Amino acid sequence: MDPIRAAATTPPLSTTPVTPIRPVAETVRDEAPASRPLDPAVTVAVSPESTEAKPPEPERRAYIRDAESQSLVFRVTDPQTGDVVMQIPDEVILKARAYARETAPFPGERFAKTA
């Protein structure tokens, strides 16, 4: 191991003046800006065509029980196509749970362990 050394001293300070990279422009603050009315921040266009459009149907959300893994699943489906948009837990996890359930010994069943 290396011996413990003292911390480095602070670097020397320069006494030369610092010159700015770009000159600072002097601003005149005595003049008031010309007052004029402000433009509206938001404009709303209401027409008969826009009121007839239906909002999109929300996604369907439901809890179901997976038969193979006996797990509770949360699914979000698209109402138009019926496709699953999101599922918790994932399909891979459900298959792993079903496999573990099938390969696990029945409760109370004894089996011999060999080395």
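The values are calculated or read from the model by the stated rules, or taken from the named source; none is laboratory data. It should be emphasised that the depicted structure is a prediction, and the values quoted were computed from it without experimental measurement. Using ideal geometry, Cβ is built from the backbone for each residue, glycine included, and neighbour counts are taken over all protein chains shown. Ligands, DNA and RNA are stripped out before the accessible areas are found, and what is left, the full protein with its side chains, is counted by its heavy atoms. Shrake-Rupley method; radii C 1.70, N 1.55, O 1.52, S 1.80 Å.
The portion of the accessible surface of segment 54-115 made up by carbon and sulfur, rounded to a whole percent, is 55 (1.4 Å probe; DNA, RNA and ligands excluded).
For segment 69-115, run through the GluC sites (Glu not before Pro) and keep only the ones in DSSP coil with at most 12 other Cβ atoms within 10 Å of their Cβ. Before the final figure, lay out the partial values.
Working: sites: 91, 102, 109; in loops: 109.
Qualifying residues, ordered by number: 109.
Taking all protein chains as shown and a probe of 1.4 angstrom, residue 83 keeps an accessible surface of around 90 Å².
For residue 86, neighbours were defined as the other residues whose beta-carbon sits under 13 Å from its Cβ, and their charges (Lys and Arg +1, Asp and Glu -1) total -2. Couplings 3J(HN,Hα) for segment 96-106, derived from phi with the Karplus relation 6.51 cos²θ - 1.76 cosθ + 1.60 (θ = phi - 60°), are 5, 5, 5, 5, 5, 5, 6, 8, 6, x, 5 Hz, where x marks Gly and Pro.
May I ask you to rank 72, 38 by accessible area, largest first, using a 1.4 Å probe over the protein chains only?
Numbers: 72 100, 38 155 Å².
Largest to smallest exposure gives the sequence 38, 72.
Counting Lys and Arg as +1 and Asp and Glu as -1 over every other residue whose Cβ lies under 11 Å from the Cβ of residue 68, the net charge comes to +1.
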